[in-house]
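No lab work stands behind these numbers, since they all come straight from the coordinates. On a predicted model such as this, the values are computed, not experimentally measured, just so you know. As a convention, Cβ positions derive from the backbone with ideal geometry for all residues, glycine included, and neighbour counts pool all protein chains shown.
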Amino acid sequence: MALLFPRRRRPTLVRLLSVLAIAGVTVLLLRSRITSDDHLDDRIALRERLSPNDDRGKAAATAGDVQKAQAPRYHGDDSPLLPNVDDPDEAEFFGRLNEEWGKGGAGVTLTGAEKEKANKEFSRAGFNAYVCDRLPLNRTLGDRRHRSCRNAEYDVENLPTASVVIIFTDELFSALLRTVYSVINRTPHRLLREIILVDDYSQIDEMANGRLERFIRRHFRPGFVKLITLPKREGLIRARLTGARAASGDVLVFLDSHCEATDHWLEPMVELIKKDRTTVVCPIIDVIDDKTLQYMGTSSDFYQIGGFNWKGEFIWINTPEAWRKARKSKADPMRSPTMAGGLFAIDRKYFWESGSYDSEMEGWGGENLEMSFRIWMCGGSLVIAPCSHVGHIFRDYHPYKFPSNKDTHGINTARLAEVWMDNYKYYFYQNRPELRKISFGDISERKALRNKLQCKSFKWYLDNVYPNKFVPSEKVFAFGNARNPNTGMCLDSMSHNYDNTEPLGIYPCHKDTNSGGNQVGFVAWS
């Protein structure tokens, strides 16, 4: 038999690999729970292996005298960037940019007074704002694709156009602009219909007094970069819906506001959507280091795909070997049971036909799993395009506050569990019992949508889309925690995922045996 424990986020502990060290363990069969942790979209582990040609081994740029850098310019006759802009209001901003920093995606290592200043400013954005404010807006990144992708040819004239939707609140000005410029500079203009920025009620000074609107008016051709400013805080889901309603491209591409697109990032995604409009496509998400802003390449051989745990959280899982071997080429897309949700492309009409987002979800959280389940169960598919790479700054916390102090992730996940998970919602509530009696609002419209689309069951999803998913009911004969009453030590999963057979450790038992977390697990036959 095997003992499997759910994971709980907390600081990494030294693993004690020997289960024998907890002799005299008593199994307590408790209907325990797993407490809710603050779940951050941006706190996704540095999970994929780095590709052999990335920049990890290169020396990071050394901080030096700041050199004046001009605004980036796209090389093309039909550029959406206005030429020869004289913008005295942003002279200080452009004057800080250092053309020598970040070349080839290299990171910047600060020393002395600059390092101290950067540390003090870190909380502004949840990443190194000092370096971010000085990196060129169009720094080079190199070709991050697998060699099997580099000879690909795309019929750009006949591919669908894209509207790129970027929502933000209190984002660092330089990070947002670098996202915008990377999209413009690395996307064929024939494909890029527009960039839509949705400001979800930013309150920080550097976004005040119409600064972004003025910058857009002075630096971009009219109508190409559109700014929508929301009069109150709406949250990720409703802000994205606002941006999607304003879009006119054939494909919607959603990006976070602290990304950098690489060469040929868009073509592989829209080509897959052209072949099948019900395919939702995610790029490989490369890591941009939050301390140095080094662009760290991800191997196209060993990237991971999306899964979920029974707490209703997105997790990264290893790609089954059989799935990898089934592909004819490493450039072929890889199916994924779920998506992280920050970066993806979807046919615009299909987005609305398939149910868009659940507009009754509040704030942030749960929308990515809701869409993942719905797409698969209602006739679509979700894949990762290994020839598309977009960098993303992963940070450990949100630098802004969420309104209403609600556990919106938990409440939203309860909504999706009630609509999409059928009787399997029991396992969600088993791990989140505090959500059993919360008010999650009216779900009648979402249930009607499921009936209208003639969607399959959640069991079908588990059997056909996520066959390796551990389901407690199938092999479990005990549920609870395992403790040594003499030492007060308990078996602990050390934050491993359900689906991984990794060594357990021991850790002081939680005072509240109903708190669950790493110390409540399933005893199952193997």
* **Whole-number D in µm² s⁻¹ for the range 261-317, Kirkwood Cα-pair radius fed into Stokes-Einstein, 37 °C, 0.692 mPa s** => 238
* Net charge near Val156: determine it from the other residues with C-beta under 12 Å of the C-beta of Val156, scoring Lys and Arg +1 and Asp and Glu -1. => -3
* For Lys447 and Ser473, compute 0.36 nm times the residue count separating them, minus their Cα-Cα distance, and round to one decimal in nm. => 6.9 nm
* Selection of chymotrypsin sites (Phe, Trp or Tyr not before Pro), the range 247-308, meeting DSSP coil and at most 14 other Cβ within 10 Å -> Phe302
* To do: Starting from the Cα gyration tensor of the range 103-393, take the square roots of the eigenvalues, sort them a ≥ b ≥ c, and report rounded, prolate or oblate (rounded when a/c is under 1.5, otherwise prolate if a/b is larger than b/c, else oblate).
  => rounded
* Unit charges on C-beta of K, R, D, E only; dipole of the range 408-456, Debye -> 120
* Of Lys226/Lys349; Lys103/Lys291; Lys328/Lys456; Lys425/Lys456; Lys232/Lys406; Lys311/Lys437, which ones are farther than 25 Å apart at the Cα? -> Lys328/Lys456
